[in-house]
Amino acid sequence: MKLKVITNSKKVLYVFHISGVTGKLVIDKTACDREWEDSIKDKEIGLILIDKFVYENLKHKVQEHERKLRFPLVLLIPSDEKERMKGDNLTQIIRETIGIKV
């Protein structure tokens with residue numbers, strides 16, 4: 001299973017890249033749509049990480065994907081220091097994404 005990050009933050013992309021996670025930098029809705037479609041069609045990707053910018057541009061597509069419980073899983077990640085995750089937020093994200101109580 002592969003991970004893929006789709007973000008509009010160079011910093012986030014760099015951090016994931018040095019961790020061995022592939023990703024794409026997107027700057028507009030068209031790029032978000034293209035990366036989303038490519039990612040959900042790739043059978044090797046098990047988890048797509050998206051930031052708030054991408055989520056806002058693809059909100060309806062992401063919600064529809066999650067409503068139908070389709071694979072790959074999608075996880076919203078913070079894109080800058082202001083959105084830094086705290087333990088409770090991470091626990092809530094995991095619970096909402098995969099339905100497991102942590």
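Just to confirm the filter: which trypsin sites (Lys or Arg not before Pro) across the range 8-84 are DSSP coil and have at most 15 other Cβ within 10 angstrom of their Cβ?
Filter output for the range 8-84: 43, 68, 70, 84.
Nearest 0.05, what FRET efficiency do residue 44 and residue 14 give at R0 = 22 Å with Cβ-Cβ as r?
Calculated transfer efficiency: 0.45.
As a quick test, which of the pairs 29/68; 11/59; 43/68; 29/52; 2/61 have an alpha carbon distance above 19 angstrom in this structure?
Those over the limit are 29/68; 11/59; 2/61.
Amide H of residue 74: which non-local residues (sequence gap of 5 or more, or other chain) have their own amide H closer than 5 Å, using H built in the peptide plane?
Residues meeting the criterion, in which the H sits 1.01 Å from N, are 48.
Whole-Hz ³J(HN,Hα) for each residue in the range 20-35, computed from phi via Karplus 6.51 cos²θ - 1.76 cosθ + 1.60 with θ = phi - 60°, x for glycine and proline: what do you get?
x, 9, 6, x, 9, 8, 10, 10, 8, 4, 4, 5, 4, 4, 4, 5
Enumerate the amide H contacts of residue 23 below 5 Å, restricted to partners 5 or more residues apart or on another chain; note that Pro and chain-start residues carry no placed amide H.
5
In nm, what is the difference between 0.36 nm times the number of residues separating residue 69 and residue 31 and their Cα-Cα distance?
The span from residue 69 to residue 31 would gain 11.3 nm if fully extended.
Show me the GluC sites (Glu not before Pro) within the range 20-71 that DSSP assigns to loop and that have at most 12 other Cβ atoms within 10 Å of their Cβ.
44
The numbers here are math on the coordinates, done by the rules we state, and not lab data. Predicted model, so just to flag it, every value in this text is computed and none were measured. Reconstructed Cβ throughout: ideal geometry from the backbone, glycine too, with neighbour counts over all protein chains shown.
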